[in-house]
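Structure first, commentary second.
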Amino acid sequence: MNEKHIQQVLEIEKQSQEIHEKAMREAQELPILAEQEAQALIAKAKAEAQEEARQIVAQAQAQDEGKEILSEVNRKNSEIEALANANFDKAVAHVLERVIGRA
C-alpha cells in the first residue's frame, strides 16, 4: 500500500508540475495577446475615424458646392431682374408713346 500511495503522490506532483508549467506559459502569452488585441482595436478605431473624416469632408464639399450654386443662381436672378426692370421701363415708355400717339 505504501508504494501505491507513493505512486499517487508522485502522479499528483507530476500533474501539479504540468499545471504549473502550463499556467506559466499562459501567463507569458497574456501580454503578447493583449498587445495584439490592443493593436487590432487601434487599427479598427483608426479606420473608423478615417471613414468618419472622409464623410465629414464629403459633406462639407457638398455644402460648399451647394453654396456656390446658390450664389450663382442669385447672381443670375439679379441679372435677369435688372434686365427685366430695364425692359419694363422701355415697355412702359413704348405703351405711353402708343397711347399718346393714338390719343
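The values are calculated or read from the model by the stated rules, or taken from the named source; none is laboratory data. Remember, it's a predicted structure, so these values are computed and weren't measured experimentally. No Cβ is skipped: glycine too gets one built from the backbone with ideal geometry, and neighbour counts run over all protein chains shown. Protein only, heavy atoms only, side chains kept; ligands, DNA and RNA dropped before computing areas. Shrake-Rupley method; radii C 1.70, N 1.55, O 1.52, S 1.80 Å.
Label-to-label distance, Leu41 versus Gln28, with points set 7 angstrom from Cα along the beta-carbon direction: 2.6 nm. Here the Gaussian network model covers the chain, with springs between Cα atoms less than 10 Å apart; of Leu83, Leu70, Leu33, Leu83 fluctuates the most. Given that just one value was derived from the coordinates, which of [x] 97, 10, 4; [y] 29, 12, 10; [z] 19, 16, 13 is semi-axes √(5λ) of the Cα gyration tensor in Å? The value computed from this structure is option [x]. In a simple Cβ point-charge model (Lys, Arg +1; Asp, Glu -1; nothing else charged), segment 2-85 has a dipole of about 60 debye relative to its Cα centre.
Most fluctuating residue of Lys46, Lys22, Lys67 in a GNM of the chain with Cα springs under 10 Å: which is it? Top of the fluctuation ranking is Lys22.
Against the chain, whose longest principal axis is taken from its Cα atoms, helix 2-102 shows a tilt of about 0°. Here the accessible area of the chain is 59 percent carbon and sulfur, with a 1.4 angstrom probe and all protein chains present.
Taking every protein chain into account, the accessible area of the chain amounts to 94 square angstrom per residue (probe 1.4 Å).
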